[in-house]
Amino acid sequence: MEYGILRNYVDGEWVASSGETLEVDNPATGEVIARVPLSTPEEVAQAVAAAKAAFEEWRETPPLVRARYMFRLKGLMEEHFEDLARTIVKEHGKTIDEARGEMRRAIENVEVAMAVPSLMMGYNAEDIAEGIDEEAVLQPVGVFCCVAPFNFPAMVPFWFLPYAVACGNTYIVKPSEVCPVSQNRLFELMDEVDFPPGVVNLVNGSKETVDALLTHPDVAGVSFVGSTPVAKHIYSTAAAHGKRAQCQAGAKNCLVVMPDAVLDRAVPNIISSAFGTAGQRCLAGALVLAVGEVYEPLKARLVDAASRIKVGYGLDEATQMGPVVSKKALDRILGYIEKGLEEGAELILDGRGVQVEGYPNGYFVGPTIFDRVRPEMTIAREEIFGPVLGIIPVADFDEALGIIEGIPYGNAASLFTSSGKWAREFKYRVKCGNIGINIGIAAPIASFPFGGMKDSFFGDLHGQGRDAIQFFTDRKVVITRWF
């Protein structure tokens, strides 16, 4: 095993867990690369106790000093950039370029958190009444935690941790048990940064570990990214125990293509959106809504482009799409393809049975495209989370918006057009949190919040940017009069 049995990081020390372990395998080779422990509630309590004990001294540390830890962390992440990207490929399966992009996004969040001395500034008003002034001060809250997904195992915790810690809170990360290695590697760098003991902690585990965090009285809040059913559980459990929660959930993202779209530009964007990271991201394009006369030429171009994608091991620089993350994921995706056929959709590009030379045990499925999908079909309503794209021909713009409105998710939607009128209508009317105009992957940069509506988000404040600063602070209002 390349990475051995992983350990927890608690109170500034690496500690072994007494819990059972799960195998972590390389999805391209099928080889076991690590074992991840399933930490017990008692081990969770130890991490929470360490974080709680560290809080008061850390919150009293000036924001400028806390920001300097972020500068040191960024430097180490840059220094180990390529090694971290390769680790992501080995545990997740995405291509090396995609892994590099993930690492860059993680670093960008650290960079934004460096500005915490400005971002944490409050506000005030003089003379709200005669001789009375009022101010609002932003203060840290306490111990927070993150429950991370498998699809961006290095990046997603960094939507939250840098902001929480820079604001003066202490933090616990529970990595995905499917892809825990890169987050463990990042904590090795945080150990080098030499945060005060207890400020940053890592506890490996699964559902029992998560529930122990959600119900612990000393945890103030939780950040989550993952499927909608799990998001609902985490949000409701956190709320029942008086905690803050921000839960980014599932998606079924539509890409609307108007007749005036520039197809030479639109098609590569759609292909990247649908098949990048093998469709395993919450911003992946899942349905193409082809408006009017664009349907036939668009369909032909999409099939041609997708059929030329090279599937293989992500560490090969020539690979354009890697495997899906696990055998379980592969079986689920193949099940959805069968369901699409049963419901009458036309399979115009079949990714089943893809063989990659030299990797007979990998979890590979090629780009798959269904035509003549109907909005009521399972493959049009449920999140497949794999490289499966559906095409729905629609008569006009309003029919396309009606289909988007009828989908329970509201994570992202994109429009391809040359018309400013249609672009304005789209961004004004569509109920999704991340909108793309001639953009296939509507991914906000780190200084903007990562949006989400409907069943794609539960909470009030999103990850990243100013939303994160607000989530990890409370506003204390002070009203002053001197005699």
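The values are calculated or read from the model by the stated rules, or taken from the named source; none is laboratory data. This is a predicted model, so every value here is computed, not measured. FYI the Cβ positions are ideal-geometry reconstructions off the backbone, even for glycines, and counts take in every protein chain you see.
Residue check: Ile309 meets all listed conditions (1) over 28 Å from Arg265 (Cβ atoms); (2) part of a loop (DSSP other than H, G, I, E, B) but one, namely (1).
There is no residue in segment 152-165 that is part of a strand (DSSP E or B) and surrounded by 23 or more Cβ atoms within 10 Å (Cβ to Cβ). When Glu42, Glu2, Glu31, Glu13 are checked against the criterion of being acidic (Asp, Glu) and either modelled with pLDDT under 95 or buried (at least 21 other Cβ atoms within 10 Å of the Cβ) (or both), a single residue qualifies: Glu2.
Let's see how each residue does on (1) within 18 Å of Val173 (Cα to Cα); (2) not acidic (Asp, Glu):
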{"position": "Gly4", "(1), (2)": "no, yes"}
{"position": "Arg7", "(1), (2)": "yes, yes"}
{"position": "Leu38", "(1), (2)": "yes, yes"}
{"position": "Ala51", "(1), (2)": "yes, yes"}
{"position": "Glu57", "(1), (2)": "no, no"}
{"position": "Arg68", "(1), (2)": "no, yes"}
{"position": "Met77", "(1), (2)": "yes, yes"}
{"position": "Val89", "(1), (2)": "no, yes"}
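Among the residues examined, Asn204 qualifies as in the same structural domain as Phe472 (by TED's automatic domain parsing), more than 30 Å from Arg381 (Cα to Cα), in contact with a Leu (Cβ under 6 Å, 6 or more places away or on another chain) and assigned to a loop (DSSP other than H, G, I, E, B). Any residue in segment 348-362 that is over 24 Å from Thr95 (Cα atoms) and outside any loop (DSSP other than H, G, I, E, B)? Yes, segment 348-362 contains at least one residue that is over 24 Å from Thr95 (Cα atoms) and outside any loop (DSSP other than H, G, I, E, B).
Counting only residues that are part of a helix (DSSP H, G or I) and over 26 Å from Gly335 (Cα atoms), segment 383-404 holds 6 of them. Among the residues that make up segment 238-250, is at least one of them closer than 30 Å to Ile379 by Cβ, in contact (Cβ under 8 Å) with a residue 60 or more places away in the chain, in a loop (DSSP other than H, G, I, E, B) and touching an Asp or Glu at 6+ places or on another chain (Cβ under 8 Å)? Scanning segment 238-250 turns up at least one residue that is closer than 30 Å to Ile379 by Cβ, in contact (Cβ under 8 Å) with a residue 60 or more places away in the chain, in a loop (DSSP other than H, G, I, E, B) and touching an Asp or Glu at 6+ places or on another chain (Cβ under 8 Å).
In the set Gly4, Gly30, Gly75, Gly12, only one residue is farther than 19 Å from Glu188 by Cα and out of contact with any Asp or Glu (no Cβ under 6 Å at 6 or more places or on another chain); that residue is Gly30. Here Ala443 does not qualify as more than 30 Å from Asn169 (Cα to Cα) and touching a strand residue (DSSP E or B) at 6+ places or on another chain (Cβ under 8 Å). Exactly one residue among Ser414, Ser456, Ser418, Ser447 is over 23 Å from the mean Cα position of the chain (by Cα) and of a type in the set (Ser, Thr, Tyr), and that residue is Ser418.
Taken together, the residues in segment 258-268 that are surrounded by fewer than 19 Cβ atoms within 10 Å (Cβ to Cβ) and either charged (D, E, K, R) or assigned to a helix (DSSP H, G or I) (or both) amount to 5. Scanning segment 270-306 for residues being surrounded by 24 or more Cβ atoms within 10 Å (Cβ to Cβ), among the aliphatic types (A, V, I, L, M) and in a loop (DSSP other than H, G, I, E, B) gives a total of 1. Among the candidates Ser447, Ser414, the residue that is more than 30 Å from Glu346 (Cβ to Cβ), touching a residue at least 12 places away in the same chain (Cβ under 8 Å) and polar (S, T, N, Q) is uniquely Ser447. In the set (1) touching a helix residue (DSSP H, G or I) at 6+ places or on another chain (Cβ under 9 Å); (2) over 14 Å from Gly386 (Cα atoms), the condition left unmet by Val356 is number (1). Condition first: free of Cβ contacts under 8 Å to residues at least 24 places away in the same chain and among the polar types (S, T, N, Q). Can you find one or more residues in segment 78-89 that meet it? The answer is no; no qualifying residue exists.
Looking only at residues in segment 103-128 that are touching a residue at least 60 places away in the same chain (Cβ under 8 Å) and not in a helix (DSSP H, G or I), the one that is surrounded by the most Cβ atoms within 10 Å (Cβ to Cβ) is Met120.
Against the criterion of being touching a Ser or Thr at 6+ places or on another chain (Cβ under 6 Å) and closer than 27 Å to Phe397 by Cβ, Ala266 does not qualify.
All conditions but one from (1) at positive phi; (2) touching an Asp or Glu at 6+ places or on another chain (Cβ under 8 Å) apply to Gly93; the one that does not is (2). Tallying residues that are among the β-branched types (Val, Ile, Thr) and either outside the structural domain of Tyr69 (by TED's automatic domain parsing) or more than 18 Å from Glu78 (Cβ to Cβ) (or both) within segment 174-196 yields 2. Restricting segment 45-65 to residues that are in contact with a strand residue (DSSP E or B) (Cβ under 7 Å, 6 or more places away or on another chain) and more than 27 Å from Cys179 (Cβ to Cβ) leaves a set whose member that is surrounded by the most Cβ atoms within 10 Å (Cβ to Cβ) is Ala54. Residues in segment 331-346 that are surrounded by fewer than 17 Cβ atoms within 10 Å (Cβ to Cβ) and either among the polar types (S, T, N, Q) or more than 12 Å from Gly386 (Cβ to Cβ) (or both): Glu338, Lys339, Leu341, Glu342, Glu343, Gly344, Glu346. Candidates Thr228, Thr209: the one that is among the hydroxyl-bearing types (Ser, Thr, Tyr) and either surrounded by fewer than 18 Cβ atoms within 10 Å (Cβ to Cβ) or under 14 Å from Lys174 (Cβ atoms) (or both) is Thr209.
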